[in-house]
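Peer 1: Shown below is the structure under consideration.
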Amino acid sequence: MRFKLKKEFFGGILHDTKRKKNIAIDSNELLLLNIINPENKNFNEDIDALTSEFKNSKDILLTLRELSDFGLIQPDVDYDLNRSKGNYLSAPFRLFYDITYLCNLRCRHCFTNSGKYNQDELSLEEKLKLVDDMKELGIPRVSIAGGEPFACRDLYDFVKKCNENDIGVSVSTNGTLFNTQTIDKINHLDIKTLTISFDGGTKESMDKIRGEGTYEKVVKNLYNLKKRYKGNYCVKTTLMKSNITCLENVIQTAIECGCSSVKFNTVREDGRATLNKDLIILTQQEYINTMKILENLKQKYAGKIKVKNPLNVFSKECYNYIEQLGFGCFAGKESICVDALGNVRPCSHFPKEFICGNIKNESLYDIWHKSEILAQFRNFKGNDHCNNCSKYSKCRGGCRYRAFLDGNIDGVDSYCYEFKNSVLA
(Lines give C-alpha, C1' and ligand atoms only; values in the text may rest on other atoms or scores of the structure.)
Protein backbone atom coordinates (compact mmCIF):
# COMPACT_ATOMS: atom_id res chain seq x y z
CA MET A 1 0.00 0.00 0.00
CA ARG A 2 1.26 3.46 -0.87
CA PHE A 3 -0.71 5.15 1.94
CA LYS A 4 -1.08 4.22 5.59
CA LEU A 5 -3.99 5.78 7.45
CA LYS A 6 -4.08 6.25 11.22
CA LYS A 7 -7.04 7.65 13.11
CA GLU A 8 -6.10 10.59 15.34
CA PHE A 9 -8.04 12.81 17.75
CA PHE A 10 -8.46 15.54 15.11
CA GLY A 11 -9.18 13.21 12.18
CA GLY A 12 -6.28 11.20 10.82
CA ILE A 13 -2.77 11.03 9.42
CA LEU A 14 -2.13 9.69 5.92
CA HIS A 15 1.49 8.58 5.59
CA ASP A 16 2.60 8.59 1.95
CA THR A 17 5.19 5.81 1.84
CA LYS A 18 6.36 6.89 -1.61
CA ARG A 19 6.94 10.60 -0.91
CA LYS A 20 7.74 10.04 2.80
CA LYS A 21 5.20 12.69 3.78
CA ASN A 22 2.62 12.85 6.57
CA ILE A 23 -0.70 14.41 5.56
CA ALA A 24 -3.13 15.61 8.23
CA ILE A 25 -6.82 15.12 7.36
CA ASP A 26 -9.92 16.27 9.25
CA SER A 27 -12.70 14.06 10.61
CA ASN A 28 -14.89 14.42 7.52
CA GLU A 29 -12.05 13.44 5.21
CA LEU A 30 -11.39 10.45 7.44
CA LEU A 31 -15.05 9.39 7.16
CA LEU A 32 -14.97 9.74 3.39
CA LEU A 33 -11.86 7.59 3.11
CA ASN A 34 -13.42 5.01 5.40
CA ILE A 35 -16.57 4.86 3.28
CA ILE A 36 -14.53 3.48 0.39
CA ASN A 37 -12.55 1.15 2.67
CA PRO A 38 -13.38 -2.35 1.36
CA GLU A 39 -12.99 -3.75 4.90
CA ASN A 40 -15.49 -1.31 6.43
CA LYS A 41 -18.74 -3.16 7.19
CA ASN A 42 -20.35 -0.19 8.95
CA PHE A 43 -20.09 2.29 6.09
CA ASN A 44 -23.78 3.27 6.39
CA GLU A 45 -23.03 4.77 9.81
CA ASP A 46 -20.18 6.78 8.28
CA ILE A 47 -22.45 7.92 5.45
CA ASP A 48 -25.08 9.07 7.96
CA ALA A 49 -22.39 10.95 9.88
CA LEU A 50 -21.18 12.71 6.74
CA THR A 51 -24.66 13.55 5.46
CA SER A 52 -25.43 15.23 8.77
CA GLU A 53 -22.58 17.59 7.88
CA PHE A 54 -23.23 17.84 4.14
CA LYS A 55 -26.93 17.87 3.27
CA ASN A 56 -28.19 16.34 0.00
CA SER A 57 -24.97 14.42 -0.55
CA LYS A 58 -26.09 10.95 0.52
CA ASP A 59 -26.75 9.78 -3.02
CA ILE A 60 -23.28 10.88 -4.07
CA LEU A 61 -21.71 9.03 -1.18
CA LEU A 62 -23.73 5.89 -1.83
CA THR A 63 -22.63 5.97 -5.46
CA LEU A 64 -19.01 6.38 -4.34
CA ARG A 65 -19.41 3.35 -2.11
CA GLU A 66 -21.01 1.36 -4.92
CA LEU A 67 -18.10 2.13 -7.20
CA SER A 68 -15.78 0.89 -4.47
CA ASP A 69 -17.81 -2.34 -4.12
CA PHE A 70 -17.51 -2.91 -7.86
CA GLY A 71 -13.75 -2.50 -7.63
CA LEU A 72 -13.74 0.57 -9.86
CA ILE A 73 -12.31 2.65 -7.03
CA GLN A 74 -9.59 0.98 -5.00
CA PRO A 75 -8.00 3.15 -2.28
CA ASP A 76 -4.30 2.38 -1.96
CA VAL A 77 -4.51 2.78 1.81
CA ASP A 78 -3.58 0.57 4.74
CA TYR A 79 -6.27 1.41 7.33
CA ASP A 80 -5.45 1.56 11.06
CA LEU A 81 -8.36 3.18 12.86
CA ASN A 82 -8.04 1.87 16.40
CA ARG A 83 -5.01 3.72 17.78
CA SER A 84 -6.08 7.22 18.84
CA LYS A 85 -6.10 7.52 22.65
CA GLY A 86 -6.11 11.24 23.46
CA ASN A 87 -5.25 14.71 22.20
CA TYR A 88 -1.88 13.60 20.85
CA LEU A 89 -0.64 11.42 18.00
CA SER A 90 -1.16 7.68 18.38
CA ALA A 91 2.56 7.28 17.56
CA PRO A 92 5.44 9.61 16.69
CA PHE A 93 6.37 10.01 13.05
CA ARG A 94 10.03 9.38 13.81
CA LEU A 95 12.32 8.03 16.52
CA PHE A 96 15.83 9.47 16.84
CA TYR A 97 18.25 6.83 18.15
CA ASP A 98 21.85 7.37 19.25
CA ILE A 99 22.97 3.78 18.71
CA THR A 100 26.34 4.17 20.51
CA TYR A 101 28.59 6.70 22.22
CA LEU A 102 31.67 5.12 20.62
CA CYS A 103 33.28 7.48 18.13
CA ASN A 104 36.65 7.91 16.45
CA LEU A 105 36.38 11.71 16.56
CA ARG A 106 36.14 14.23 19.41
CA CYS A 107 34.18 17.03 17.77
CA ARG A 108 34.17 20.28 19.71
CA HIS A 109 30.41 20.79 19.37
CA CYS A 110 29.28 17.20 20.12
CA PHE A 111 26.22 17.39 22.36
CA THR A 112 26.48 13.72 23.41
CA ASN A 113 30.15 14.02 24.49
CA SER A 114 30.79 10.91 22.40
CA GLY A 115 34.10 9.10 22.26
CA LYS A 116 34.36 6.06 24.50
CA TYR A 117 31.97 3.11 24.55
CA ASN A 118 29.70 3.06 27.61
CA GLN A 119 29.30 -0.35 29.24
CA ASP A 120 25.62 0.40 29.93
CA GLU A 121 24.72 0.81 26.25
CA LEU A 122 21.94 -1.39 24.90
CA SER A 123 22.96 -4.93 24.02
CA LEU A 124 22.17 -6.30 20.56
CA GLU A 125 19.17 -8.12 22.05
CA GLU A 126 17.90 -4.87 23.58
CA LYS A 127 18.48 -2.98 20.33
CA LEU A 128 16.43 -5.54 18.43
CA LYS A 129 13.70 -5.28 21.08
CA LEU A 130 13.61 -1.55 20.34
CA VAL A 131 12.65 -2.43 16.77
CA ASP A 132 9.83 -4.62 18.12
CA ASP A 133 8.71 -1.72 20.31
CA MET A 134 8.69 0.66 17.34
CA LYS A 135 6.62 -1.82 15.38
CA GLU A 136 4.15 -2.25 18.24
CA LEU A 137 3.71 1.50 18.71
CA GLY A 138 3.52 2.13 14.97
CA ILE A 139 6.58 4.31 14.39
CA PRO A 140 7.29 4.37 10.64
CA ARG A 141 10.87 5.70 10.69
CA VAL A 142 14.05 5.74 12.76
CA SER A 143 16.99 8.13 12.38
CA ILE A 144 20.23 6.60 13.65
CA ALA A 145 23.11 8.71 14.94
CA GLY A 146 25.64 8.45 17.77
CA GLY A 147 28.50 8.56 18.49
CA GLU A 148 29.52 7.12 15.17
CA PRO A 149 27.01 4.50 13.93
CA PHE A 150 29.60 2.75 11.76
CA ALA A 151 31.75 2.18 14.84
CA CYS A 152 28.90 0.12 16.30
CA ARG A 153 29.13 -3.58 15.48
CA ASP A 154 25.35 -3.97 15.90
CA LEU A 155 24.43 -1.38 13.26
CA TYR A 156 23.90 -3.78 10.37
CA ASP A 157 21.76 -6.21 12.39
CA PHE A 158 19.67 -3.31 13.68
CA VAL A 159 19.08 -1.84 10.22
CA LYS A 160 18.33 -5.27 8.78
CA LYS A 161 15.63 -5.89 11.38
CA CYS A 162 14.14 -2.44 10.71
CA ASN A 163 14.03 -3.33 7.01
CA GLU A 164 12.28 -6.61 7.81
CA ASN A 165 9.66 -4.73 9.83
CA ASP A 166 8.99 -2.05 7.21
CA ILE A 167 10.51 0.71 9.37
CA GLY A 168 12.29 3.33 7.29
CA VAL A 169 15.91 3.98 8.25
CA SER A 170 18.20 6.97 7.88
CA VAL A 171 21.75 7.06 9.22
CA SER A 172 23.91 10.06 10.17
CA THR A 173 27.67 9.50 10.12
CA ASN A 174 30.88 11.53 10.39
CA GLY A 175 31.89 10.00 7.05
CA THR A 176 35.44 9.03 8.01
CA LEU A 177 35.10 5.24 8.40
CA PHE A 178 33.94 4.39 4.89
CA ASN A 179 35.84 2.11 2.59
CA THR A 180 34.77 0.11 -0.44
CA GLN A 181 33.75 -2.84 1.76
CA THR A 182 31.55 -0.59 3.92
CA ILE A 183 29.82 0.90 0.89
CA ASP A 184 29.28 -2.52 -0.70
CA LYS A 185 27.79 -3.74 2.58
CA ILE A 186 25.28 -0.89 2.95
CA ASN A 187 24.31 -1.28 -0.71
CA HIS A 188 22.54 -4.46 0.42
CA LEU A 189 20.49 -2.60 3.05
CA ASP A 190 17.50 -0.31 2.59
CA ILE A 191 18.69 3.03 3.97
CA LYS A 192 16.41 5.91 2.96
CA THR A 193 19.03 8.58 3.49
CA LEU A 194 22.70 8.41 4.44
CA THR A 195 23.68 11.78 5.96
CA ILE A 196 27.34 12.77 6.20
CA SER A 197 28.33 15.50 8.65
CA PHE A 198 30.20 18.28 6.86
CA ASP A 199 30.79 21.11 9.28
CA GLY A 200 32.73 23.51 7.12
CA GLY A 201 33.18 24.51 3.51
CA THR A 202 36.95 24.70 3.88
CA LYS A 203 39.65 22.49 5.40
CA GLU A 204 40.37 25.07 8.09
CA SER A 205 36.75 25.54 9.19
CA MET A 206 35.98 21.82 9.39
CA ASP A 207 39.25 20.56 10.87
CA LYS A 208 39.01 23.22 13.59
CA ILE A 209 35.83 21.50 14.83
CA ARG A 210 36.26 17.83 13.89
CA GLY A 211 40.03 17.36 13.99
CA GLU A 212 43.03 17.60 11.67
CA GLY A 213 42.61 15.77 8.37
CA THR A 214 38.84 15.24 8.73
CA TYR A 215 37.90 17.50 5.79
CA GLU A 216 40.07 15.61 3.30
CA LYS A 217 38.86 12.21 4.54
CA VAL A 218 35.21 13.16 4.26
CA VAL A 219 35.53 14.72 0.80
CA LYS A 220 37.39 11.61 -0.42
CA ASN A 221 34.64 9.37 0.95
CA LEU A 222 31.91 11.52 -0.58
CA TYR A 223 33.50 10.89 -3.97
CA ASN A 224 33.68 7.17 -3.12
CA LEU A 225 29.94 7.24 -2.39
CA LYS A 226 29.36 8.92 -5.74
CA LYS A 227 31.22 6.11 -7.49
CA ARG A 228 29.91 3.08 -5.58
CA TYR A 229 26.83 3.83 -3.46
CA LYS A 230 23.45 2.99 -4.97
CA GLY A 231 21.33 4.81 -2.39
CA ASN A 232 20.43 8.37 -1.45
CA TYR A 233 23.02 10.44 0.43
CA CYS A 234 23.41 14.04 1.51
CA VAL A 235 25.56 16.28 3.70
CA LYS A 236 24.53 18.08 6.87
CA THR A 237 26.20 21.19 8.28
CA THR A 238 25.75 22.40 11.84
CA LEU A 239 25.84 26.20 11.82
CA MET A 240 28.64 27.64 14.00
CA LYS A 241 30.79 30.74 14.18
CA SER A 242 33.57 28.72 12.59
CA ASN A 243 31.70 27.98 9.34
CA ILE A 244 29.01 30.60 8.59
CA THR A 245 31.31 32.48 6.21
CA CYS A 246 31.80 29.50 3.86
CA LEU A 247 28.33 27.97 3.51
CA GLU A 248 28.20 28.35 -0.28
CA ASN A 249 31.34 26.20 -0.46
CA VAL A 250 29.42 23.46 1.37
CA ILE A 251 26.65 23.55 -1.23
CA GLN A 252 29.09 23.52 -4.14
CA THR A 253 30.99 20.55 -2.68
CA ALA A 254 27.73 18.69 -2.14
CA ILE A 255 26.80 19.20 -5.80
CA GLU A 256 30.23 18.08 -7.02
CA CYS A 257 30.03 14.93 -4.88
CA GLY A 258 26.60 13.91 -6.17
CA CYS A 259 24.57 14.59 -3.01
CA SER A 260 20.79 14.75 -3.31
CA SER A 261 20.53 17.54 -0.76
CA VAL A 262 22.37 19.61 1.81
CA LYS A 263 20.89 20.18 5.26
CA PHE A 264 21.71 23.01 7.63
CA ASN A 265 20.85 22.76 11.31
CA THR A 266 21.49 24.82 14.40
CA VAL A 267 24.04 24.04 17.08
CA ARG A 268 22.66 23.86 20.63
CA GLU A 269 24.50 24.86 23.79
CA ASP A 270 24.94 21.31 25.03
CA GLY A 271 27.75 18.80 25.61
CA ARG A 272 31.16 19.93 24.37
CA ALA A 273 29.63 23.02 22.79
CA THR A 274 29.32 24.51 26.28
CA LEU A 275 33.13 24.34 26.57
CA ASN A 276 33.73 26.04 23.21
CA LYS A 277 31.05 28.72 23.10
CA ASP A 278 33.29 31.48 21.71
CA LEU A 279 34.15 29.27 18.72
CA ILE A 280 30.72 27.75 18.18
CA ILE A 281 27.61 29.52 19.53
CA LEU A 282 26.07 32.17 17.26
CA THR A 283 24.60 35.41 18.52
CA GLN A 284 20.95 36.08 17.74
CA GLN A 285 21.88 38.53 15.00
CA GLU A 286 24.46 36.18 13.46
CA TYR A 287 21.81 33.47 13.33
CA ILE A 288 19.22 35.74 11.69
CA ASN A 289 21.73 37.00 9.11
CA THR A 290 22.78 33.41 8.35
CA MET A 291 19.16 32.38 7.73
CA LYS A 292 18.80 35.21 5.21
CA ILE A 293 21.96 34.06 3.42
CA LEU A 294 20.82 30.43 3.36
CA GLU A 295 17.40 31.29 1.94
CA ASN A 296 19.11 33.25 -0.87
CA LEU A 297 21.42 30.29 -1.52
CA LYS A 298 18.42 27.94 -1.62
CA GLN A 299 16.96 30.03 -4.44
CA LYS A 300 20.31 30.38 -6.22
CA TYR A 301 20.91 26.61 -6.34
CA ALA A 302 17.31 25.52 -6.92
CA GLY A 303 17.28 22.90 -9.64
CA LYS A 304 20.85 21.84 -8.86
CA ILE A 305 20.42 20.57 -5.30
CA LYS A 306 17.80 20.69 -2.57
CA VAL A 307 18.82 23.00 0.27
CA LYS A 308 17.07 22.30 3.59
CA ASN A 309 17.23 25.08 6.17
CA PRO A 310 15.99 25.41 9.74
CA LEU A 311 12.49 26.86 10.04
CA ASN A 312 12.69 30.58 9.46
CA VAL A 313 10.48 33.55 8.60
CA PHE A 314 12.40 34.30 5.38
CA SER A 315 11.44 31.06 3.67
CA LYS A 316 9.09 31.33 0.70
CA GLU A 317 7.83 27.82 1.37
CA CYS A 318 4.89 27.06 3.62
CA TYR A 319 5.62 25.02 6.72
CA ASN A 320 2.94 22.37 7.01
CA TYR A 321 2.43 21.62 10.68
CA ILE A 322 -0.48 20.06 12.54
CA GLU A 323 -2.06 22.95 14.41
CA GLN A 324 -4.04 20.63 16.69
CA LEU A 325 -0.79 19.36 18.28
CA GLY A 326 -0.36 22.67 20.06
CA PHE A 327 2.42 25.15 20.70
CA GLY A 328 6.09 24.53 20.12
CA CYS A 329 8.44 22.33 18.13
CA PHE A 330 7.81 18.65 17.31
CA ALA A 331 9.67 17.25 20.37
CA GLY A 332 7.40 14.83 22.21
CA LYS A 333 4.59 15.52 19.75
CA GLU A 334 5.81 14.21 16.40
CA SER A 335 9.11 12.65 17.45
CA ILE A 336 10.84 10.95 20.36
CA CYS A 337 14.50 10.28 21.19
CA VAL A 338 16.30 7.24 22.61
CA ASP A 339 19.92 7.51 23.74
CA ALA A 340 22.56 4.77 23.68
CA LEU A 341 21.64 3.70 27.22
CA GLY A 342 17.95 3.28 26.36
CA ASN A 343 16.72 6.49 28.00
CA VAL A 344 13.75 8.11 26.28
CA ARG A 345 13.36 11.91 26.05
CA PRO A 346 11.18 14.30 24.05
CA CYS A 347 14.40 15.81 22.66
CA SER A 348 17.98 14.56 23.04
CA HIS A 349 19.26 17.91 24.31
CA PHE A 350 17.21 18.00 27.50
CA PRO A 351 18.95 16.92 30.75
CA LYS A 352 18.30 13.87 32.93
CA GLU A 353 15.23 15.28 34.65
CA PHE A 354 13.42 15.02 31.29
CA ILE A 355 13.96 11.27 30.92
CA CYS A 356 10.53 9.72 30.33
CA GLY A 357 11.59 6.12 30.94
CA ASN A 358 14.04 3.49 29.76
CA ILE A 359 13.29 0.81 27.18
CA LYS A 360 15.26 -1.76 29.19
CA ASN A 361 12.38 -1.95 31.65
CA GLU A 362 9.44 -0.23 29.91
CA SER A 363 7.91 -0.53 26.47
CA LEU A 364 7.94 2.44 24.12
CA TYR A 365 4.17 2.03 23.89
CA ASP A 366 3.74 2.63 27.63
CA ILE A 367 6.23 5.50 27.67
CA TRP A 368 4.54 7.27 24.75
CA HIS A 369 1.07 6.97 26.24
CA LYS A 370 1.79 7.33 29.98
CA SER A 371 4.75 9.70 30.41
CA GLU A 372 3.90 12.87 32.37
CA ILE A 373 6.90 14.58 30.80
CA LEU A 374 5.60 13.94 27.29
CA ALA A 375 2.19 15.18 28.45
CA GLN A 376 3.90 18.41 29.52
CA PHE A 377 5.42 18.87 26.05
CA ARG A 378 2.03 18.26 24.45
CA ASN A 379 0.39 20.95 26.56
CA PHE A 380 2.71 23.92 26.27
CA LYS A 381 0.80 27.20 26.42
CA GLY A 382 3.43 29.36 24.79
CA ASN A 383 3.82 33.06 25.52
CA ASP A 384 2.10 36.31 24.57
CA HIS A 385 4.74 37.21 21.99
CA CYS A 386 4.56 33.91 20.08
CA ASN A 387 0.83 33.41 20.48
CA ASN A 388 0.11 36.82 18.93
CA CYS A 389 2.83 36.73 16.29
CA SER A 390 1.81 36.82 12.62
CA LYS A 391 4.92 34.77 11.75
CA TYR A 392 4.16 31.85 14.09
CA SER A 393 3.29 29.54 11.18
CA LYS A 394 6.85 29.97 9.91
CA CYS A 395 8.63 28.80 13.06
CA ARG A 396 6.06 27.24 15.45
CA GLY A 397 7.63 29.11 18.34
CA GLY A 398 11.17 27.89 17.74
CA CYS A 399 13.29 25.64 19.97
CA ARG A 400 11.98 24.71 23.43
CA TYR A 401 15.45 23.66 24.59
CA ARG A 402 16.84 27.15 23.99
CA ALA A 403 13.83 28.62 25.82
CA PHE A 404 14.46 26.16 28.66
CA LEU A 405 18.10 27.30 28.94
CA ASP A 406 16.84 30.87 29.27
CA GLY A 407 14.66 29.87 32.23
CA ASN A 408 11.18 29.40 30.75
CA ILE A 409 10.39 26.39 28.58
CA ASP A 410 7.24 28.21 27.38
CA GLY A 411 9.19 31.39 26.68
CA VAL A 412 10.54 33.10 23.58
CA ASP A 413 13.32 31.29 21.70
CA SER A 414 16.58 33.21 22.07
CA TYR A 415 16.99 33.00 18.26
CA CYS A 416 13.56 34.54 17.61
CA TYR A 417 13.44 36.45 14.32
CA GLU A 418 11.00 39.10 15.52
CA PHE A 419 11.83 39.68 19.18
CA LYS A 420 15.10 41.26 20.28
CA ASN A 421 16.53 38.88 22.86
CA SER A 422 19.15 40.07 25.33
CA VAL A 423 20.42 36.56 26.17
CA LEU A 424 22.38 35.99 22.94
CA ALA A 425 22.31 39.36 21.23
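Peer 1: Counting only C-alpha contacts under 8 Å and six or more residues apart, can you give the relative contact order of the chain as a whole percent?
Peer 2: 13
Peer 1: Over the range 1-64, what is the mean sequence separation of C-alpha contacts under 8 Å (at least six apart), divided by residue count, expressed as relative contact order in percent?
Peer 2: Value for the range 1-64: 20 percent.
Peer 1: Then there's this: May I ask for the angle, rounded to the nearest 10°, between helix 43-53 and the longest principal axis of the chain, with both axes built from Cα atoms and the value confined to 0 to 90°?
Peer 2: 80
Peer 1: Also, I was wondering about something else. If you split all Cα-Cα distances of the chain into 20 Å bins from zero, what percentages do you get per bin, shortest first?
Peer 2: Binned Cα distances yield the sequence 24, 56, 19, 1.
Peer 1: Also, I was wondering about something else. Report, to the nearest 10°, how far helix 124-137 tilts away from the longest principal axis of the Cα atoms in the chain, using its own Cα long axis and a range of 0 to 90°.
Peer 2: Roughly 40 degrees between the two axes.
Peer 1: From largest accessible area down, sort 116, 370, 333; use a 1.4 Å probe on the protein chains.
Peer 2: Heavy-atom accessible area, descending, gives 116, 370, 333.
Peer 1: What FRET efficiency comes out for residue 369 versus residue 320 if R0 is 22 angstrom and r is the Cβ-Cβ distance? Round to the nearest 0.05.
Peer 2: Calculated value: 0.30.
Peer 1: In addition: Quick one: if the Förster radius is 25 Å, what FRET efficiency do residue 17 and residue 63 give, using the C-beta to C-beta distance and rounding to 0.05?
Peer 2: 0.30
Peer 1: Using only C-alpha atoms and all pairs of different ones, pull out the Kirkwood radius for the range 239-372 in Å with one decimal.
Peer 2: Evaluated on the range 239-372, it is 17.5 Å.
Peer 1: How about the range 305-402: which chymotrypsin sites (Phe, Trp or Tyr not before Pro) there are in a DSSP loop, with at most 14 other Cβ atoms within 10 Å of their Cβ?
Peer 2: 319
Peer 1: Here's something else I'd like to know. Take the range 73-188, drop everything but the C-alpha atoms, weight them equally and run the Debye formula without solvent; then report log10 I(q)/I(0) at 0.18 Å⁻¹ to two decimals.
Peer 2: The calculated log intensity ratios at q = 0.18 Å⁻¹ are -0.98.
Peer 1: How long are the semi-axes of the ellipsoid equivalent to the range 362-421, from square roots of 5 times the Cα gyration tensor eigenvalues, in whole Å, largest first?
Peer 2: With the √(5λ) rule applied to the range 362-421, the semi-axes are 27, 12, 9 Å.
Peer 1: Provide the FRET efficiency to the nearest 0.05 for the residue 216-residue 192 pair, computing r from the beta carbons and using R0 = 30 Å.
Peer 2: Given R0 = 30 Å and the Cβ-Cβ separation, E is 0.60.
Peer 1: Heads up, I need the accessible area for residue 413: 1.4 angstrom probe, whole protein in place, Å², nearest 10.
Peer 2: Number for this one is 10 Å².
Peer 1: Keeping the other protein chains in place, figure out the carbon and sulfur percent of the accessible area of the range 374-425, with a 1.4 Å probe.
Peer 2: Accessible surface attributable to carbon and sulfur in the range 374-425 totals 50 percent.
Peer 1: Over the chain, give the accessible area per residue in Å² for a 1.4 Å probe, as an integer.
Peer 2: On a per-residue basis, the chain sits at 47 Å².
Peer 1: So, taking all protein chains as they sit and a 1.4 Å probe, how much accessible area belongs to residue 29, in Å² rounded to tens?
Peer 2: 90
Peer 1: Could you give each residue of the range 211-228 its phi-based ³J(HN,Hα) in whole Hz, using Karplus coefficients 6.51, -1.76, 1.60 with θ = phi - 60°, and x for Gly or Pro?
Peer 2: x, 4, x, 5, 4, 5, 4, 5, 4, 4, 6, 5, 5, 5, 4, 4, 7, 10
Peer 1: Are there any chymotrypsin sites (Phe, Trp or Tyr not before Pro) in the range 8-72 that are in a DSSP loop and have at most 13 other Cβ atoms within 10 Å? List them by number.
Peer 2: Answer by residue number: 54, 70.
Peer 1: Roughly how many nanometres apart are two label points built 7 Å out from the Cα toward the Cβ at residue 418 and residue 381?
Peer 2: Taking the simple label geometry, residue 418 and residue 381 are separated by 2.0 nm.
Peer 1: Quantify, in whole percent, the carbon and sulfur part of the accessible surface of the range 254-326 (1.4 Å probe; protein heavy atoms only).
Peer 2: Roughly 47 percent of what the probe reaches on the range 254-326 is carbon or sulfur.
Peer 1: Take every Cα-Cα distance within the range 146-296, group them into 10 Å bins from 0 onward, and report for each bin the whole-number percent of pairs it holds.
Peer 2: Spelled out per bin, shortest first, that is 11, 39, 33, 16, 2.
Peer 1: Taking a 1.4 Å probe, which of 363, 390, 261, 123 shows the most accessible area, and what order do the others take after it?
Peer 2: I get 390, 123, 363, 261, largest accessible area first.
Peer 1: Okay, moving on. What whole number of Å gives the distance from the Cα centroid of the range 35-87 to the Cα centroid of the range 357-390?
Peer 2: Here the two parts' Cα centres lie 33 Å apart.
Peer 1: Counting only protein heavy atoms and using a 1.4 Å probe, what share of the accessible area of the range 191-247 belongs to carbon plus sulfur, as a whole percent?
Peer 2: 46
Peer 1: If one puts a single equal scatterer on every Cα of the range 139-218 and applies the Debye formula without solvent, what log₁₀ I(q)/I(0) results at q = 0.15, 0.23, 0.26 Å⁻¹?
Peer 2: -0.57, -1.07, -1.25
Peer 1: If you don't mind, there's one more thing I want to ask. Just to confirm my numbers, what's the Cα centroid distance between the range 307-336 and the range 91-161 in Å?
Peer 2: What the calculation gives is 24 Å, centre to centre.
Peer 1: Rounded to a whole number of µm²/s, how large is the Stokes-Einstein D of the range 1-125 at 4 °C and 1.567 mPa s, given Rh as the Kirkwood radius over C-alpha pairs?
Peer 2: Stokes-Einstein gives a translational diffusion coefficient of 72 µm²/s.
Peer 1: Now a separate question. Of the lysine pairs in the range 293-425, how many meet both conditions: Cα atoms under 20 Å apart, and a spacing of 8 or more in sequence or different chains?
Peer 2: Going through the range 293-425 pair by pair, I get 25.
Peer 1: Please state the shape class of the range 295-425: rounded when a/c is under 1.5, otherwise prolate if a/b exceeds b/c and oblate if not, all from the C-alpha gyration tensor.
Peer 2: Judged from the Cα gyration tensor, the range 295-425 comes out prolate (a/c at least 1.5, a/b above b/c).
Peer 1: Non-local amide H neighbours of residue 276 (under 5 Å, H modeled in plane, Pro and chain starts lacking H): which ones?
Peer 2: Here the answer is none, since no amide H 5 or more places off falls under 5 Å of that of residue 276.
Peer 1: Give the relative contact order (percent, whole number) for the range 147-255; include only Cα pairs under 8 Å separated by 6+ residues.
Peer 2: Across the range 147-255, relative contact order equals 28 percent.
The values are calculated or read from the model by the stated rules, or taken from the named source; none is laboratory data. On a predicted model such as this, the values are computed, not experimentally measured, just so you know. Here the Cβ is made from the backbone with ideal geometry for all residues, glycine too, and neighbour counts use every protein chain on show. Accessible surface areas use protein heavy atoms only, side chains included; no ligands, DNA or RNA. Shrake-Rupley method; radii C 1.70, N 1.55, O 1.52, S 1.80 Å.
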